[in-house]
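The values are calculated or read from the model by the stated rules, or taken from the named source; none is laboratory data. Since we're looking at a predicted model, the values are computed, not measured. All Cβ positions, even for glycine, are placed from backbone atoms using ideal geometry, and neighbour counts span all protein chains on display. Note: accessible area is taken over every heavy atom of the protein model, side chains too, but ligands, DNA and RNA are not part of it. Shrake-Rupley method; radii C 1.70, N 1.55, O 1.52, S 1.80 Å.
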Amino acid sequence: MYYQVENVKLLDRYTNRKPANGTLYLTATHLIYVDASAEVRKETWILHHHIASVEKLPLTTSGCPLLIRCKNFRVAHLVIGHERDCHEVYTSLLKLSQPVKPEELYAFSYNPKMPKDSREIGWKLIDLKVDYQRMGIPNDFWEITDANKDYEVCNTYPPEVVVPKAANKATVLGSAKFRSRGRIPVLSYLYKENNAAICRCSQPLSGFSARCLEDEQMLQAIRQANPGSPFMYVVDTRPKLNAMANRAAGKGYENEDNYDNIHFKFIGIENIHVMRSSLQKLLEVCETKSPSMSDFLTGLENSGWLRHIKAVMDAGVFLAKAVKEEKASVLVHCSDGWDRTAQVCSLASLLLDPFYRTFKGLMVLIEKEWIVMGHKFSHRCGHLDGDLKEVSPVFTQFTECVWQLMQQFPCAFEFNERFLLEIHDHVYSCQFGNFLGSCYREREALKIFEKTHSLWPFLLQKKQEFRNPLYKGFTVYKELKPNTLPFSFQFWCGMYNRFDKGMHPKQCVLDHLLNCMSQKMKLEDNATDLENKLPFLDNPLPNEVCSLSKIVNASVESSKTPMLNTPQDYESEPPALLTNGAIVEEVDIMPDQDQKNKENFANHHDLLDLNSTMEVIESDAKKEKPQHQ
Amino acid sequence: MGGVNYVSRRRAALQPEESDEESWEELVPLPPSCPLAGTAAWSWGGREAPGAMLGKGAGGSGAKPAKPSFVSYVSPEEIHKKEPIEKEVNLHLLPGELLLCEANTVLKCVQEDGSNRGACGKLICTNFKIAFLGDESASDDNEPEFKNKIIGENDITLHCIDHIYGVYDEKKKSLSGQLKKYPEKLIIYCKDLRVFHFCLRYTKEEEVKRIVSGIVHHSQTPKLLKRLFLFSYATAAPTNTDIQNQTVMFDAIKDWREELERTKGNMKYKVLNANEAYKVSEKLPLYFVVPMSLSEESILQYQGRGIPIWCWSCHNGASLLKMSAFPKEQEDNTSQMHKIFLDGIYKTINKPPYEVLKTDDLSSSLPSLQDIQAAYIRFKQLFLIDNSTDFWDTDVKWFSLLESTNWLEIVRRCLKKAIEVAEYLEGQNTNVLLVEENASDLCCVISSLVQVMMDSHYRTKFGFQSLIQKEWVMGGHCFLDRCNHLRQNDKEEAPVFLLFLDCVWQLVQQYPPAFEFTETYLTVLSDSLYIPIFSTFFFNSQHQKDTNMSGEGHRAQSSHFRFLTVWDWSVQFESKAQVLLNNPLYVEKPKLDKSQRKTTRFKHQRQLSLPLTQTKSSPKRGFFREETDHFIKNILGKRISKLINSSDELHNNFTEFYDSWHCKPADFHGLLLPHIDGPGIKVWAQRYLRWIPEAQLLGGGTVATATKILDMIEEVQSLQKKMDEKHSLTVPQGREALPMLRNSARLSSLFPFALLQRHSLKPVLPTSTWKDLEDEDDLAKRDDEFVDLSEVI
């Protein structure tokens, strides 16, 4: 079932070329545009859930323009021939992009035709208990408690949380009454080497003078769980003024005098509303057509976006430093402890622990700090038709912080930029159940574990494409110490101008290197293969081997060292190799790469002759096989 | 006073040959009115140890007035032999370098924290550099791996000094001319953006006077050309005759002929030797290339002005030309004559086979030299930082500060102009004539940028160096004036060459695999502008170099007199350091024979045919190789010249060209167009931030990428070796390993420039909090803090 409109133009924001002319299809889940003018069939798929806004622009001579802005920062500018068609598309899109009931979300209809048990296994892929075990929990100081099993402590926390052993049930319940929405201090990350911990909670209901003994005990228990340090930090990630204003509403922040040995700090990260409007300004800059240097730089500055990113990063660095260098535990909160707190805690973990810089690690981190601890994905991402003031790019900012770190430490992450973009896409796509709802309890109620699929196994399948070829391995980098000077923060073209192809490097070095990696792997296989065959070769056919090795010699000769600075071209391979058939497959080494990249590869002989040489060698190896089998 | 009086020694040494000039005085800065004038000044008297010894040594050689040079040369060994006691002072003098003054117990402050932490040592000033000889410099254990052999970590060549400030009672004052009062602290800003703080509080007053006035004098006062250290060095240095250099110097007619042949420009253009002995013009090189149809007399008529001079030819036959314009004349008559002359010239070269000609007056379409200089002054201020507090202050407004300098916009405009020119040449088969007053400033920038973008030969190291020889050195760029090496006229100063390097850097960072050299190469090249042992950047023209060389040459009565060229990188770097100048990802242009090319070309052409140019050949393959088909077609098929003045059309052509190129996959050996949208242009971090410890990133940055790539290369090589062994081949020789990049997980991102033993003490608190704490009491004034209770909660 779909709706179809002919004669639709898709304008390209950055190039002046003749707009494509084609057909628009509306399905239940996607808007699909098929370019009829191109020689190759070119399709543009836009998920309805990705659509942030649809705007009808004034009528022009060529038709009725429709501007579609997406949550993954694609901007599609369609021109539809007839006004009536346009209006119909417009109204249907409005309806389709803003589902009212959770059951209408894509995840509930998405069916990858997967056996039931593998779907269930998928949901068990990430087990937080394993991560706590990795940190050495339970231990003498920390325990996993099911105090929240019926959500009686806090309805936005998961049933099981990690609290200090010294905190008994009364302390936990008492503290819950003194914390906004019952979000008590729980462990986020334990730095095993010195027992310093990062904990998170919401703001205390302190007002101007209120105290709570249990809460004070709770903090004391956290401090004492780290015997190496005489004090602990309590970090309020809000600007001081915001926190002060909250006191009038009976909330606020900890009074240093009431708690034993705490050092209280404010870190001024702005609230979700400031962030939302900042992103709005940033996107306006991104949409300016061929901005001058001055437009771009002032626009970037006035948006304040990178300043906010820096604030988050600064806070993460502060936490990591406190834990690593001052050996002090830190308790972090903001207002409710699910936005800024999630950003800051996950970032600090990422800085401290190389595990979180792996595929699995980042998934665990997102699961632990965001999904389970009740970041309101549904509201922040606007999954359902609702209050626009609740929408804010909090997770986007976290993603960007990770990216900024990847820019500064290109060899410290197992994954590449595409992995981040893919996760970011799916946070908004609602194709998988992980990010539906706003807390664990809600997800249970939605039965997402029974009715939907998990994103993580899907991502792991595509691991090859998300790999960072520059990754130096788990052990090389321990803590990261990023630079947080303003010039260290770059504008993330790959995110905010991702769909403007003209803005990106022509031949992505990433593609090169990924290609090299898989070539290398194959070479290794070949080498072992040959090694295994060697014993057979030596004995039966000495003459043939001899003559063969001469041929091989000749072809390898051309590809001899030095590897990278010799004139080489894989097209100069002996033509006989091309008939081999196997070679064709060989070139196509990246099954999951999207079409574009494949094209790039195919007609790019500049893929350092690394490949070429290797292909030559490889095909030599191939040639050898049939002779002796 | 004891020792040899420096002034008189100098006088004795100088007088025989310099008596015709009064210039020797300028070496001796102190007029009688100065309190320092007299016997004490500039003498080694009273100073113990090395100074005195050196004095004796120098005096010894100075006693031979017959020596042809005007300075004497003391070998460093000589000093050492005579002074074994002062072993910690590791004074290394170059040939021809002479110690002028020194001061002991100077404290070199480490910038951060505003504290006076730092090393104690000796500050010296020679006729080549200012150097700080710290105690720790004696120990060679932790020698930096990427070491410049000429300029040490604590050396500043006199030409590299940008500004000198003195600190008086916490106040900073620019130092120049005669000083009445001597500062307690000396701050030296360098042109390579280092900042040195020397505390003189513990130095003897007399020494302070001597060193401060010495430094100020030798670095700030106008100099005569002959006073350049270049000449002292060239006279004194042993000449190594066998300089093997592949860089084409363009000082011989054959170089030009070969270039014409390479670019297939030789059918329409000819090399002239009319300027031998500089008969035509002193601005022009000995040999230059003009359109064949141009008559010799027209060239002679106005000293080469108004003559289109060939720069380069595109594979399709379209050529890039430049012309020095006539100066704006008041007199109608003259300007009328100029106009007639120009019309004649245009007529000649607009005729077939030269087809259409597009003229572009760069002085009106690009920023002026004054604008460039002003922008650069503002720009570099962002990176010349006195202390880290200043630096943290830029925090909040970094991008608007960057924007207000306008430097990046100028870079962008140059790149844009170069794309425009490339579009005419490549897209429209149109000759382009760049016009500028002397055709030696922005002309150089644009023409060399166009060539780098269009001709992959110029993206190799030797090609790039040849290009700089061709367009800049021979092209008569006034390096001496633009760098203000002689300090004669501040108004002439403009960082034109640096602007070019910055533009090239933008290309390098956008297309790393397309260049044989790295950004480190560009950075090091930009530093070489201020090292006066290479002649490359120390003359205004070839004529100036020749006249000064021959003059000195015959007086020196030997052929020993020879300048070094900067392209001999072994002078500055050991071979293991030179490895860092080469890009490991670069792949040379494949050389194929014809039969194989046909098939491959077919494959590529499908994707690459631009809609706007039918005649355009595939840029994928060798630019000038076997393109004759197209070439001849272009010459024979006379295209109807069309007017291309309408700016609207220009804009459309430009964007269409730009866009359609960017829609295609790039060929690193073909045309290369930079991104010129805002996010595409970046700050050349390596050059501008390298000395700022706060900018350091341990284990990160592009260096990390480079090391990883080198690792991968090595791995592949070892695998290949393994394969080869399996095929019972002889073991191929591996690429030279890079020992300095090994074990480098914790390498600083500022490598290879990061200074050792620097620990940045970043505030433990994030800056924003830091600020909060500072401004705690004016919380109420924070107007950006819009607090709506409902929102905050």
Looking across the range A:330-384 at residues that are of a type in the set (Asp, Glu) and under 22 Å from A:Phe449 (Cβ atoms), the single one that is surrounded by the most Cβ atoms within 10 Å (Cβ to Cβ) is A:Glu369
If you check A:Leu455 against the conditions, is it more than 30 Å from B:Asp711 (Cβ to Cβ) and open to solvent by 10 Å² or more (accessible area, probe 1.4 Å)? no
Identify, by number, the condition in (1) under 14 Å from B:Trp567 (Cβ atoms); (2) in a loop (DSSP other than H, G, I, E, B); (3) not hydrophobic (A, V, I, L, M, F, W, C) that B:Tyr530 doesn't meet. (1)
Matching residues in the range B:499-526 - criterion: being open to solvent by 10 Å² or more (accessible area, probe 1.4 Å) and modelled with pLDDT of 95 or more: B:Trp505
In the range B:517-539, which residues are touching a Cys at 6+ places or on another chain (Cβ under 8 Å), under 14 Å from B:Gln465 (Cβ atoms) and among the hydroxyl-bearing types (Ser, Thr, Tyr)? none
List pairs: first in the range A:361-386 and under 17 Å from A:Glu442 (Cβ atoms), second of a type in the set (Asp, Glu), Cβ under 6 Å, 6+ apart or cross-chain? A:His379/A:Glu390
Within the range B:505-528, which residues are touching a helix residue (DSSP H, G or I) at 6+ places or on another chain (Cβ under 6 Å) and of a type outside the set (Ser, Thr, Tyr)? B:Trp505, B:Val508, B:Ala514, B:Phe515, B:Glu516, B:Phe517, B:Glu519, B:Leu522
Just name the residue that is most open to solvent (accessible area, probe 1.4 Å) out of those in the range B:649-701 that are closer than 30 Å to B:Asp155 by Cβ and small (Gly, Ala, Ser). B:Ala685
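Open to solvent by less than 10 Å² (accessible area, probe 1.4 Å) and in contact with an Asp or Glu (Cβ under 7 Å, 6 or more places away or on another chain) - does that describe any residue in the range A:246-256?
From the range A:246-256, those open to solvent by less than 10 Å² (accessible area, probe 1.4 Å) are A:246, A:252, A:254; that's our starting set.
Adding the requirement that they be in contact with an Asp or Glu (Cβ under 7 Å, 6 or more places away or on another chain) leaves none.
No, the range A:246-256 contains no residue that is open to solvent by less than 10 Å² (accessible area, probe 1.4 Å) and in contact with an Asp or Glu (Cβ under 7 Å, 6 or more places away or on another chain).
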Restricting the search to the range A:510-521, which residues are open to solvent by 30 Å² or more (accessible area, probe 1.4 Å) and either modelled with pLDDT of 85 or more or within 7 Å of chain B (Cβ to nearest Cβ) (or both)? A:Lys520
Would you check if there is a residue in the range A:142-158 being farther than 28 Å from A:Ser180 by Cα and open to solvent by 20 Å² or more (accessible area, probe 1.4 Å)? no
Condition check: free of Cβ contacts under 8 Å to residues at least 40 places away in the same chain and either closer than 30 Å to B:Trp569 by Cβ or open to solvent by 20 Å² or more (accessible area, probe 1.4 Å) (or both). Does B:Glu282 satisfy that? no
Among (1) of a type in the set (Val, Ile, Thr); (2) open to solvent by 10 Å² or more (accessible area, probe 1.4 Å); (3) farther than 30 Å from A:Glu400 by Cα - the single one A:Ile32 does not satisfy: (3)
Residue count, the range B:123-141, condition modelled with pLDDT of 90 or more, of a type outside the set (Gly, Ala, Ser) and either assigned to a strand (DSSP E or B) or at positive phi (or both), comes to 7
I need the full set of residues from the range B:689-700 which are under 22 Å from B:Arg378 (Cα atoms) and either part of a loop (DSSP other than H, G, I, E, B) or within 9 Å of chain A (Cβ to nearest Cβ) (or both), in order please. B:Leu689, B:Arg690, B:Trp691, B:Ile692, B:Glu694, B:Ala695
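Go through the range A:314-373 and report how many residues are in a helix (DSSP H, G or I) and under 15 Å from the mean Cα position of the chain (by Cα).
So the first thing to find is which residues in the range A:314-373 are in a helix (DSSP H, G or I), and the list is A:314-324, A:340-352, A:354-357, A:359-372.
This time we only want the ones that are under 15 Å from the mean Cα position of the chain (by Cα), so: A:342-343, A:346-347, A:350, A:356-357, A:359-371.
Residues that pass the stated criteria total 20.
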Taking the range B:456-474 and keeping only residues that are surrounded by fewer than 24 Cβ atoms within 10 Å (Cβ to Cβ) and among the charged types (D, E, K, R), one is left with B:Lys461
Flagged in the range A:271-313 as open to solvent by 30 Å² or more (accessible area, probe 1.4 Å) and among the charged types (D, E, K, R), in numbering order, are A:Arg276, A:Lys281, A:Glu284, A:Glu287, A:Lys289, A:Asp295, A:Arg307
Return yes or no: is A:Lys129 under 19 Å from A:Tyr440 (Cα atoms), of a type in the set (Lys, Arg) and either in contact with a His (Cβ under 6 Å, 6 or more places away or on another chain) or open to solvent by 40 Å² or more (accessible area, probe 1.4 Å) (or both)? yes
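Looking at the range A:468-499 only, could you name the residues that are among the basic types (Lys, Arg) and at pLDDT below 90? First the steps, then the outcome.
Of all residues in the range A:468-499, those among the basic types (Lys, Arg) come to A:472, A:478, A:481, A:498.
Answer for the range A:468-499, where residues must be among the basic types (Lys, Arg) and at pLDDT below 90: A:Lys472, A:Lys478, A:Arg498.
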If you check A:Phe231 against the conditions, is it in contact (Cβ under 8 Å) with a residue 12 or more places away in the chain, surrounded by fewer than 20 Cβ atoms within 10 Å (Cβ to Cβ) and under 9 Å from A:Ser329 (Cα atoms)? yes
B:Ser570 fails exactly one of (1) buried (at least 17 other Cβ atoms within 10 Å of the Cβ); (2) at pLDDT 85 or above, namely (1)
Of the residues in the range B:273-313, those that are in contact with a Gly (Cβ under 6 Å, 6 or more places away or on another chain) and under 15 Å from B:Arg257 (Cβ atoms) number 1
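To keep it simple, each residue is scored yes or no on (1) free of Cβ contacts under 8 Å to residues at least 24 places away in the same chain; (2) outside any helix (DSSP H, G or I).
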site	(1), (2)
A:Gly136	no, yes
A:Lys149	yes, yes
A:Tyr157	no, yes
A:Ala166	no, yes
A:Val172	no, no
A:Leu190	no, yes
A:Cys199	no, yes
